[in-house]
1. For the range A:52-71, does any single residue satisfy the condition of being more than 14 Å from chain B (Cβ to nearest Cβ), touching a helix residue (DSSP H, G or I) at 6+ places or on another chain (Cβ under 7 Å) and hydrophobic (A, V, I, L, M, F, W, C)?
2. Quick one: count up the residues across the range A:79-91 that are crowded, with 20+ Cβ neighbours inside 10 Å and either farther than 21 Å from B:I100 by Cα or modelled with pLDDT under 95 (or both).
3. When the residues of the range B:42-63 are narrowed to those that are facing chain A (nearest Cβ under 9 Å) and in a loop (DSSP other than H, G, I, E, B), which ends up surrounded by the fewest Cβ atoms within 10 Å (Cβ to Cβ)?
4. Return the total of residues in the range A:1-34 being within 20 Å of A:L45 (Cα to Cα), among the acidic types (D, E) and not in a strand (DSSP E or B).
5. When only residues in the range B:64-94 that are surrounded by 13 or more Cβ atoms within 10 Å (Cβ to Cβ), assigned to a loop (DSSP other than H, G, I, E, B) and within 14 Å of chain A (Cβ to nearest Cβ) count, which is nearest to the chain's Cα centre (by Cα)?
6. Looking only at the range A:60-79, count every residue that is under 13 Å from A:K18 (Cα atoms) and of a type in the set (D, E, K, R) and tell me the total.
7. Given the condition out of contact with any helix residue (DSSP H, G or I) (no Cβ under 7 Å at 6 or more places or on another chain), surrounded by 15 or more Cβ atoms within 10 Å (Cβ to Cβ) and over 23 Å from B:T85 (Cβ atoms), answer yes or no: does some residue in the range A:31-44 qualify?
8. Search the range B:66-91 for residues that are over 22 Å from A:P39 (Cβ atoms) and pair each with any residue that is among the acidic types (D, E) when their beta-carbon atoms are under 7 Å apart and the residues are at least 6 apart or on different chains.
Amino acid sequence: DVKVTQSSRYLVKRTGEKVFLECVQDMDHENMFWYRQDPGLGLRLIYFSYDVKMKEKGDIPEGYSVSREKKERFSLILESASTNQTSMYLCASSDRTSGRETQYFGPGTRLLVL
Amino acid sequence: RKEVEQDPGPFNVPEGATVAFNCTYSNSASQSFFWYRQDCRKEPKLLMSVYSSGNEDGRFTAQLNRASQYISLLIRDSKLSDSATYLCVVGGMNRDDKIIFGKGTRLHILP
């Protein structure tokens, strides 16, 4: 079974703090993604990566950065957390070799910024 | 037209009934289609892929209508455990093609 893990299930931070969210997958997938999910807005793509050291902006990258130093690990960084970044953050990975991309999600991190 | 559009619901359906959801998509070049299920406060999980000829998995049937650009999900003999949000997902065949998630349809199965 594909396993995607995230470093924290729940996180409470203060405005202005630097926040690190880590994601690890154990299936040697090439592709990794970070989304946030908010009520009424659905899943929105923040950043994604198709390879080590490679990153691409998604639909809402502002206020976020990412790091992919190893194939299995994709980190999301909030340089200076703000209250509007309170959300559910979901990491996903996929292997596009089949040409039909199935994304496998981690359990999510619920971040509250005070 | 939104890229992927779903009726948000909620659909309140008695146990044992049949329920159907539709999802429309705007990009006629889309090649891959999926239904995901998301339980409350949990992550989305793949329910089934949708193939051109339609496909079935137990009580679940998925169909694709390319001419009208929609996919559908039919759940027969619904169970209480089917209560969840169902996400429609559309993508291309190339790595650079975007994967688009719908906002989901909430389903409540009533005892």
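1. Of all residues in the range A:52-71, those more than 14 Å from chain B (Cβ to nearest Cβ) come to A:52-53, A:55, A:61-71.
Now drop any that are not touching a helix residue (DSSP H, G or I) at 6+ places or on another chain (Cβ under 7 Å), which leaves A:63.
Going one step further and asking which of them are hydrophobic (A, V, I, L, M, F, W, C), we end up with none.
Within the range A:52-71, none of the residues are more than 14 Å from chain B (Cβ to nearest Cβ), touching a helix residue (DSSP H, G or I) at 6+ places or on another chain (Cβ under 7 Å) and hydrophobic (A, V, I, L, M, F, W, C).
2. Matching residues across the range A:79-91 total 1.
3. Of the range B:42-63, the ones facing chain A (nearest Cβ under 9 Å) are B:42-46, B:49.
Filter once more, so that each one left must be in a loop (DSSP other than H, G, I, E, B): B:42-43.
Working: B:K42: 13, B:E43: 20.
Selected residue: B:K42.
4. Number of matching residues: 1.
5. B:G92
6. Adding up the residues that qualify gives 1.
7. yes
8. Qualifying pairs under 7 Å: B:I75/B:D82; B:S78/B:E15; B:K79/B:E15; B:L80/B:E15; B:G91/A:E101; B:G91/B:D97.
The values are calculated or read from the model by the stated rules, or taken from the named source; none is laboratory data. Given the structure is predicted, the values throughout are model-derived calculations rather than measurements. Methodologically, a virtual Cβ is constructed for each residue, glycine included, from the backbone with ideal geometry; neighbour enumeration extends over all protein chains shown.
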